[in-house]
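One structure below.
The values are calculated or read from the model by the stated rules, or taken from the named source; none is laboratory data. Nothing here was measured: the structure is a model prediction, and the numbers come from that model. Heads up, the Cβs are rebuilt from the backbone with ideal geometry, glycines too, and the neighbour counts pull from every protein chain shown. Side chains are part of the model used for accessible areas, which takes the heavy atoms of the whole protein and leaves out ligands, DNA and RNA. Shrake-Rupley method; radii C 1.70, N 1.55, O 1.52, S 1.80 Å.
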Amino acid sequence: MIPVGLALVLLHAAPALAAPTTFTITITNTSNSPWSAGLVTLAPLITIDAASPRSGQTYATYQFIDSDSTCTATCANCLGDPNRLAAQWGLTIGTNAWVVPALPAATSPLSAATVTFTATYSALNTPKVSYISRVSSGIDDMIAIHAVGVLNTLAVPLFNASGTPINPVAFEVAGYDVNTSVRNDATAASCSPACQPAVNGCWTASGNGTTGAALPAQPAGSPAVKLTLAGYTPDGIALGDVTGTAGNEIVVLCEGAQASGAITGAAYVIDRNMTTVDSIFIPTAGIDLLGFPMIENIDVAAGQSEYLVNNFVAGVPLPGGSSYARRGNSTTSAWTSTGYGYGGFWNMGPSAGDVRNNINGAGDEVVIADYDGDVMVLQRDTAAPVNTYDTFTSLTEHIYGHVALADFDGVAGSEIVAYGANTGKVMILKATAAGGAMTAYWQSIGLAAKLPAGQAAIASGPAVGDIDGDGFPEIVVAAGNTGAVYAYDPRLASHDCKYKWTATGGVDYSYTSPVIGDVMGDTKREVVVLSSDGLLSILQPKPAIVGTCVESTVAESYRVGGGAAASSWFTPALAQLTGSAKLDVVVANYTTLDVFDASLNALAFRYVDNTATFFPSAVIERVGNAASIYVSGWSNSTVYRIDLPAPAVAPGAMDFWPTFMGGNARTGAR
């Protein structure tokens, strides 16, 4: 095991460049064991086991040796000879390896010994450092490897063949195999004693004298429970109680099946065990359903919530596409709204919130937006339209994505935030107590100068949350056919963005929305966004000069699936899944669903189905101490429940992500 007090290496590095790069490296011995002289290298000496999804990522090594009870007069040079270590690893001191002086043991936290030096290296594979070490006599060699980019955990995250994480292991090197040129588990009969002979060709690998070649694996999650909805294309999912029985059901909105020669959609109510279809709502033949459903208590007298789905239909001729509110048996209609144009479209659907300050009684209103640019506030229990706004007539904007509901004026009740698909305006609309037309509370400068018209919101909506800690929510949008993200503060007189990220590395942001939450564990909220080529980016703002559009920071990036770029139409979901206070990210490309721990820059869980096309997002629930992810396979007509290994903390308020964008207000923020 790693001795208590083994210090971290603190490394500050620029990205790998063709030109020489200078690094400042600080090594501190906070342990109660002396460290001998040794080497630090940035050369990639150790590679994770080939069975891991992280295979091929390399790890640099800091190695030294000290006296050992097994060392004899014939092995006197075990006391840390940098030249011998360099020869063993094929390194050149001053080029890709640097001498570290001996560091005495720390007798107290204040007496820790530290050495700081700079190193210049022009052929860098990965700007991160890890350790192989000998710490004191009578103790075996120790090896602790950081995952690439992770400096706060002394272990390697490994995964079994199914993608389930193996417990992080502190690797102990019990010996060196001098008779082979391949890595081994250091337990073979040909391994020399712990003090190695002065020869080249020594290799080590995962596993050690204690564990052997087989590393201890944590319990695997249950295989995914799958339900195929033959003839349909599953779209969005919502999670909640629509039957009044114990536990939640999942409502799955499905795109068109063939019925009587016409494309017809359906909405399934499925028990969470994924074995029982409680009910199915199939509208009149020829009516398709697209987008995501919503579960909301619109009829208090009914005793449980209803579900709402939107119809996709041409806006002309009227009545256009309606919204349907159904009880859990799917045969009982709470209401059917008036028709609107293209209210059901990809990544579109109803929102709910108190936008009229309870003037129609306690509870939320239902908000519908459509591609024609209409925004409608409906009375919750009757679907009567009480406020309307036409963004196309007023602002020449289509709406192709969900709207979000949040409070910007500090007065009771929320405003409605829409993101234009045509010119890229961000619009805040206010529903008046008198009913009728809404007012345009605020609008941003459009993105016309930043990207071509019609390429702003492409099946994408806003996220709303305080990302810079000033106590006021920002509005974050991702620009369709570009790799850019913008954040707005309606208090700015310029009406331009407050922050921007124009070089995220993602190809574009079509069919996805940004979300907001503390995923780095620093008590600050980050912006989380996934590009259409599967690049997950964690974005942080830079302090803004009032009225400017400040180019800000990409704190971290991760390629979903761990390999090359792959197609993705998916909005990230956030929940506490790995046992810490920060949020983890559930994200997917077409074939691979990953749970990503941004605080460690490490994969926590993976599920793969090459037939799926995971779309448009995931919902998450906790039952007791178990977490389940529900996601739909758009191509194979399948709905999945993926059960995760139980985390180490009790369930809390952030363990759930029950619907698209996390809640019916669609802010996407935690």
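Observations, loosely collected:
- A 1.4 Å probe run over the protein chains yields, for the stretch 556-652, 27 Å² of accessible area per residue, whole-number rounding.
- Size of electric dipole in the stretch 566-670: Cβ of Lys, Arg +1 and of Asp, Glu -1, about Cα centre, debye, nearest 20: 180 debye
- Listed pairs Lys425/Lys524; Lys500/Lys582; Lys226/Lys500; Lys430/Lys582; Lys500/Lys524 exceeding 29 Å between Cα atoms: Lys226/Lys500; Lys430/Lys582
- Computed over the stretch 367-420, Cα set: Rg, Dmax in Å: 11.6, 32
- Among 511-520, 654-663, 264-273, sorting by the average number of other beta carbon atoms lying within 10 angstrom of each residue, highest first, gives 511-520, 654-663, 264-273.
- The mean accessible area for residues of the stretch 390-432, using a 1.4 Å probe and ignoring ligands and nucleic acids, is 26 Å² per residue.
- Relative compactness, the stretch 564-604, computed as alpha-carbon Rg over 2.2 N^0.38 Å: 1.18
- Normalising by residue count, the stretch 343-434 has a Cα convex hull of 89 Å³ per residue.
- Taking the average, over residues, of other Cβ atoms within 10 Å as the packing measure, peptides 521-529, 595-603 rank 595-603, 521-529 from highest down.
- Under 5 Å, built H, 5+ apart or other chain: amide partners of Glu306: Glu296, Asn297, Ile298, Asp299
- Each peptide in 344-350, 419-425 receives the mean, over its residues, of other Cβ atoms within 10 Å, and ordering these scores from highest gives 344-350, 419-425.
- The ellipsoid that matches the Cα gyration tensor of the stretch 374-491 has semi-axes, each √(5λ) in whole angstrom, of 23, 18, 12, with the longest given first.
- When Ser628, Ser567 are compared by accessible surface with a 1.4 Å probe, the order from highest to lowest is Ser567, Ser628.
- Over the stretch 473-544, volume per residue of the alpha carbon convex hull, in Å³: 92 Å³
- Most to least accessible of Thr611, Thr331 (protein chains only, probe 1.4 Å): Thr331, Thr611
- Cα-Cα P(r), the stretch 495-578, percent of pairs per 10 Å interval: 18, 47, 30, 6, 0
- For the stretch 423-553, the carbon plus sulfur part of the accessible surface works out to 57%, probe radius 1.4 Å.
- Overall, the ratio between the Cα radius of gyration of the stretch 543-670 and 2.2 N^0.38 Å, rounded to two decimals, is 1.12.
- For the stretch 458-502, convex hull of alpha carbons as volume per residue, Å³: 71 Å³
- Relative contact order, percent, the stretch 471-532 [alpha-carbon distance under 8 Å, six or more residues apart]: 29 percent
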